[in-house]
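The block underneath contains the structure these notes are about, expressed in structure tokens.
Bear in mind these aren't lab numbers, they're just calculated from the coordinates by the rules spelled out. Keep in mind that what you see is a predicted model, and the values were worked out from it rather than measured. Cβ atoms come from the backbone with ideal geometry, glycine included; neighbour counts cover every protein chain shown.
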Amino acid sequence: MNMNEPHWIEIGPLQDIPRRGARVVKTAAGDIAVFRTVEDEVFALRDQCPHKGGPLSQGIVSGKRVACPLHDWKISLDTGLAVAPDQGCAARYPVRVREGRVSLSLTPDEGCPNH
Amino acid sequence: MKLVLVGNGMAGVRTLEELLKAAPELYDITVFGDEPHPNYNRIMLSPVLAGEQTLEQIVLNDRAWYAANGITLHTGKRVVKIDRKHRFVEADDGTRAEYDRLLLAMGSKPFILPVPGADLEGVVGFRDIADVDTMIQASSRYKHAVVIGGGLLGLEAANGLKARGMEVSVVHIAPWLLERQMDEPAARLLQKSLEERGLKFLLQRQTAELVRGESGRVCAVKFKDGESVPADLVVMAVGIRPNTALAESAGLRCERGIVVNDTLQTFDPRIYAVGECVSHRGIAYGLVAPLFEQAKVCANHLAEHGMARYQGSMTSTKLKVTGIDLFSAGNFMGGEGCEEIVFQDPGRGAYKKLVLKDNKLAGACLYGDTLDGAWYFELMRDGTDVSDYRDKLLFGRHHIGDSGAGGGDEKSRVLSLPDSAEICGCNGVCKGDIVAAIRDKKLFTLDEVRAHTKASASCGSCTGLVETLLAATVGGDYSTPPSKKPMCGCTEHTHDEIRAAITEQHLKTLPDVMRALDWKTPDGCNKCRPALNYYLLCAWPTEYVDDAQSRFINERAHGNIQKDGSFSVVPRLFGGLCTPAELRAIANVAEKFKVPEMKITGGQRIDLFGVKKEDLPAMWKDLSDAGFVSGHAYGKALRTVKTCVGAKWCRFGTQDSTGLGVKLEELTWGSWMPHKFKLAVSGCPRNCAEATIKDFGVVCVDSGYELHVGGNGGIKVRVTDLLCKVDSEEEVLAYCAAFIQLYREEAHYLERTAPWLERVGLNHIKARVVEDAANRQALAERFAISQRTAQVDPWKARTAGELTKEFAPMAVLV
């Protein structure tokens with residue numbers, strides 16, 4: 001087995017995530033927010049805003065951004081980084097869609113302190 | 001593609017900055033500037049001359065910025081030729097650069113009076129760093145300075161030279177200073193205050209000659225009346241002329257400046273022009289705010305987005321002399337059909353004049369206390385009807401309004417505060433943080449300060465203070481609001497334009513609106529989507545399908561999100577009345593779901609805190625079974641009807657206030673609004689239900705019902721205005737429905753009734769709700785139609801299976 005290949009866990013059909021919205025996946029290490037953009041791209045971030053820990057899954061999604069519902073920080077879905085001039089990062093999780101089903105890896109990408 | 005910018009000043013480089021934001025990869029960019037410096041803040045030359053800032057402090061883009069953005073920078077080179085056929089420019093040293101698009105931003109040059117001696121040594125304009133250097137050097141060696149021109153630039157130059165120790169006389173041709181910006185009384189106050197600082201003024205004098213001294217340097221200024229004054233340094237500040245020579249030599253059409261259309265294009269479609277060298281609709285602007293508006297539009301077209309139009313700017317004036325505050329805008333001289341409101345306190349050095357025309361503010365001229373300048377400017381720009389508060393207009397926004405700008409004393413107070421003083425109480429931002437961010441990050445606008453520091457980004461009540469700091473730190477022009485305010489960054493259109501388009505063009509879905517109005521983003525943002533969703537819902541109540549993903553989480557989850565991500569739940573208690581059985585049901589639910597805290601709200605309801613999102617549907621099923629509907633305590637919606645006890649029990653009560661409150665709540669619950677909406681009914685003028693700080697308040701009296709509108713508690717308390725008095729409960733209900741519907745149809749999203757009322761005027765509302773019975777009925781009928789689809793309990797719908805998925809996790813991987 002390739003050590004670089006993520007360990008995929010299927011979480012459900014794409015259509016269960018509202019377009020321009022998100023759903024939550026509960027894990028032992030905390031909630032993960034799985035987003036679906038208007039163009040059907042899927043991203044997964046730790047469900048905690050780097051600012052004050054707000055649940056990003058509850059924010060409004062537009063383009064490839066989500067606005068945190070607590071204090072309106074904008075987080076880029078593809079990088080997990082707060083949109084400048086705010087600074088911070090929500091950990092990214094590998095996610096993929098195959099034949100309409102969404103799979104997630106529980107090992108976050110490197111490089112973000114907010115694990 | 002290749003883009004060449006001729007002119008390395010504020011307008012041109014600002015255009016590049018906007019372009020790099022919009023299309024960072026589109027062009028190879030080359031910049032020519034004839035000064036040996038990178039781009040600096042020309043506005044701040046006055047403080048540099050006065051010794052309050054250094055040259056380093058006013059650099060806007062250092063050389064590293066050009067390098068980081070891959071821009072080739074040629075400084076100290078003057079472009080002398082444009083070859084439009086072969087599409088290249090050539091500088092005086094022979095450097096050539098080819099272009100696909102050319103941007104001209106050569107600015108202007110000082111007008112030098114054509115009098116004998118104008119070319120002598122010691123005669124300068126006041127335009128660039130070299131001029132300032134000349135003046136600073138002269139100030140250390142010579143004594144007498146004469147500034148010709150008593151306009152903004154001339155006075156700033158005079159003030160700076162005086163601060164550097166010279167004896168300064170200002171020569172001015174008109175009867176008073178700043179005659180294009182101030183009326184005579186204000187100018188007299190200004191002159192008095194400058195004279196107290198040691199400046200001398202020679203008014204109504206015409207310069208005849210600059211006299212050559214023995215050394216070859218200028219030694220005196222001679223006037224047409226034969227008199228003369230000694231002068232070792234003469235600063236010409238009589239006006240500016242757009243730099244059009246290069247454009248004219250290339251055959252581009254020029255009038256007072258290079259003629260451009262609304263997309264900032266010259267007569268050659270490959271060549272754009274912005275800034276002081278431009279003539280747009282016959283006007284050449286010399287202030288920074290319009291130039292930045294032009295830069296934005298021009299960048300949009302260079303980036304090939306092709307959507308923005310520049311339609312001209314309304315400008316206002318401020319003088320950057322420390323300790324002197326003046327402001328003017330619009331037609332401040334008055335004239336036929338105008339009325340003037342004037343306040344004068346010469347002892348305190350304060351003067352305010354407002355010019356009204358057709359009940360609207362047409363001009364303002366302020367001296368001494370200018371804190372409300374920005375507000376007056378906004379009223380002028382928006383064409384607000386001010387007839388309802390013209391008696392208070394002169395005293396400023398904080399005497400009437402909702403948005404809490406400080407008074408005149410507050411301005412000097414904020415400037416004298418220590419750096420550690422907290423300005424923004426919501427986000428804990430101190431004065432020093434704000435000033436440092438403005439300086440270090442070169443912030444220009446209130447929005448930028450908000451983005452970087454968060455100051456005034458939450459409740460907004462410190463906006464006036466932040467604007468004061470911004471103006472004091474970077475010069476007043478920056479805080480000038482744009483002449484038209486788009487709804488958000490996704491569109492060029494205003495709220496009103498969008499609402500009009502929705503009804504006139506029969507736009508019935510979010511994508512329809514975005515397509516028809518050229519949205520710049522594929523699916524909007526979290527500012528415009530909720531607004532559009534509301535506007536569509538309001539315009540097409542029976543057809544529009546609500547877009548849950550365009551609502552803030554509170555309205556999607558029908559609960560109020562708390563700081564830990566849990567929700568608070570408020571069941572509706574109509575009029576605040578309740579029964580033991582209802583209280584028991586709420587208590588049972590609270591125990592069953594282990595609600596950690598309960599509280600009575602300000603609106604007389606019961607709030608259950610700390611509910612997990614996934615528990616919401618089950619909890620609401622129990623509440624729903626016990627007969628409750630949602631209290632909408634979370635939404636831009638009808639909140640509560642607060643009542644006092646009324647005639648049934650109270651010995652003072654005149655009417656059945658609780659009964660009327662229940663009827664009002666039954667009429668209005670469930671309706672979506674531009675912002676939250678609160679009602680109250682008090683049974684007598686003692687007003688225990690606090691009806692006079694509600695959006696719609698009823699005060700019962702023995703002979704009937706007083707209807708009050710447009711109040712709120714909150715950041716800045718606003719007491720209601722009396723709409724009218726009616727005789728019966730039926731009329732109360734009809735007027736309430738009509739008022740609400742008018743607000744729903746006319747207010748901007750997130751505008752409460754108080755600022756809406758101040759914007760449109762109480763007379764506007766009275767004319768539609770009180771004086772026109774047919775219109776009142778029509779409004780009430782439209783409200784009734786909208787209520788038919790709105791009064792569906794969201795919780796009943798949710799617990800019945802619709803959309804419950806959102807509340808459960810998609811997967812549990814433990």
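The modelled label-to-label distance for the pair residue B:241/residue B:763, using points 7 Å beyond Cα in the direction of Cβ, is 4.9 nm. Ordered by the number of other Cβ atoms lying within 10 Å of each residue's own Cβ, fewest first, B:450, A:36 fall into the sequence B:450, A:36.
Charge dipole (Cα centre; +1 on Lys/Arg Cβ, -1 on Asp/Glu Cβ; no other charges) of chain B amounts to roughly 720 debye. Here each label is just a point 7 Å from Cα along the line to Cβ, and for residue B:612 and residue B:588 those points are 2.3 nm apart.
Any idea what diffusion coefficient segment B:1-44 gets from Stokes-Einstein, in µm²/s, Kirkwood Rh on alpha carbon pairs, 20 °C, 1.002 mPa s?
Numbers: Rh = 11.1 Å.
Using the Kirkwood radius from Cα pairs, D works out to 193 µm²/s.
Entry for segment B:123-238 at q = 0.11, 0.14, 0.24 Å⁻¹: log10 I(q)/I(0) = -0.32, -0.52, -1.45, Debye formula applied to identical alpha-carbon scatterers, no solvent contribution. Over the C-alpha atoms of segment B:699-814, the Rg to Rh ratio, Rh being the Kirkwood estimate, stands at 1.15. Counting only residues at least eight positions apart within a chain, or on another chain, the lysines with an alpha carbon under 20 Å from that of residue B:2 are B:21, B:77, B:81, B:85, B:296. Pairwise inverse Cα distances across segment B:40-112, averaged and inverted, put the Kirkwood hydrodynamic radius at 15.0 Å.
With the cut-off at 16 Å, report for segment B:495-551 the share of all Cα pairs above it, as a whole percent.
On the way: 522 of 1596 pairs.
Every Cα pair in segment B:495-551 considered, those over 16 Å come to 33 percent.
Quote the FRET efficiency, to the nearest 0.05, computed for residue B:458 versus residue B:78 with a Förster distance R0 of 60 Å and r equal to the Cβ-Cβ distance. Numbers along the way, then the final one.
Details: r = 49 Å, r/R0 = 0.82.
The computed FRET efficiency comes out at 0.75.
Quarter the surface of the alpha carbon convex hull of segment B:234-341 and you get the mean projected area, 10.6 square nanometres.
Over the whole of B:519-525, what's the average partner chain Cβ count within 10 Å per residue? Rounded to a whole number, please.
4
Residues B:283, B:129, arranged from fewest to most other Cβ atoms within 10 angstrom of their Cβ, appear as B:283, B:129. The spread of Cα positions in segment B:505-650, taken along each principal axis and listed from longest to shortest, comes to 56, 39, 25 Å.
Can you give the FRET efficiency to the nearest 0.05 for residue B:55 and residue B:420, using r as the Cβ-Cβ distance and R₀ = 35 Å? Each step should come with its number before you reach the end.
Numbers: r = 29 Å, r/R0 = 0.83.
For R0 = 35 Å, the calculated efficiency reads 0.75.
Each principal axis of the Cα atoms in segment B:171-230 has its own extent, and those three values, largest first, are 42, 23, 17 angstrom.
Derived value for chain B: Kirkwood hydrodynamic radius 30.2 Å. Basis is the mean of 1/r over every pair of different alpha-carbon atoms.
For segment B:155-297, the equivalent ellipsoid derived from the Cα gyration tensor has semi-axes of 36, 20, 14 Å, listed largest first. Using the Stokes-Einstein relation with a Kirkwood hydrodynamic radius computed over Cα pairs, the translational diffusion coefficient of segment B:638-789 at 25 °C and a viscosity of 0.890 mPa s comes to 163 µm²/s.
Among the chymotrypsin sites (Phe, Trp or Tyr not before Pro) within segment B:111-196, not one is in coil by DSSP while having at most 10 neighbouring Cβ atoms inside 10 Å. Among the residues of B:553-563, the average count of other protein chain beta-carbon atoms within 10 Å of the residue beta-carbon is 3.
Evaluated at 10 °C with a viscosity of 1.306 mPa s, what Stokes-Einstein diffusion coefficient in µm²/s does segment B:569-678 have when Rh comes from the Kirkwood expression over alpha-carbon pairs? Present the calculation step by step, with values, prior to reporting the outcome.
Working: Rh = 14.8 Å.
Result for D is 107 µm²/s.
So what is the relative contact order for chain B, in percent, with contacts set as C-alpha pairs under 8 Å and at least six apart?
Working: 1656 pairs, mean separation 60.3, N = 814.
The normalised contact order for chain B reaches 7 percent.
When each of B:514, B:10 is scored by the number of other beta-carbon atoms lying within 10 Å, the sequence from fewest to most is B:514, B:10. Within straight-line reach of residue B:592, meaning a Cα separation under 16 Å, sit the following aspartates and glutamates at least 8 residues removed in sequence or on another chain: B:582, B:607, B:614, B:615, B:622, B:625.
Quick one: angle between helix B:729-746 and the longest Cα principal axis of chain B, in degrees between 0 and 90, rounded to 10, please. Here the helix axis deviates by roughly 40 degrees. Shape summary of segment A:9-104, radius of gyration then Dmax from alpha carbon positions: 12.2, 38 Å. For chain B, adding -39500 (n - 2.57) for each run of n ≥ 4 DSSP H residues and dividing by the number of residues yields -9500 deg cm²/dmol at 222 nm. Determine, from the Cβ-Cβ distance of residue B:625 and residue B:648 and an R0 of 35 Å, the FRET efficiency 1/(1 + (r/R0)^6), rounded to the nearest 0.05. My answer for the efficiency is 0.70. Other residues within the sphere of radius under 13 Å centred on the Cβ of residue A:4, judged by their own Cβ, net out at -3 (K and R +1, D and E -1).
Could you compute the net charge surrounding residue B:357? Neighbours are other residues with a C-beta less than 11 Å from the C-beta of residue B:357; K and R count +1, D and E count -1. Present the calculation step by step, with values, prior to reporting the outcome.
On the way: positive: B:360; negative: B:336, B:339, B:340, B:358.
After counting each charged neighbour, the total is -3.
For chain B, the longest principal axis of the C-alpha atoms and the axis of helix B:184-196 are separated by about 60°. Taking a threshold of 18 Å on the Cα-Cα distance, which of the pairs B:442/B:527; B:192/B:392; B:594/B:621; A:74/B:441; B:392/B:676; A:64/B:613 fall above it? Violating the 18 Å Cα-Cα cut-off are B:442/B:527; B:192/B:392; A:74/B:441; B:392/B:676; A:64/B:613. Between the alpha-carbon centres of segment B:581-610 and segment B:1-75 there is a gap of 61 Å.
As an equivalent ellipsoid, the protein assembly as shown spans semi-axes of 56, 37, 24 angstrom, where each value is the square root of five times an eigenvalue of the C-alpha gyration tensor, largest first. Compared with the direct C-alpha span, the chain from residue B:436 to residue B:358 gains 23.7 nm at full extension, assuming 0.36 nm per residue.
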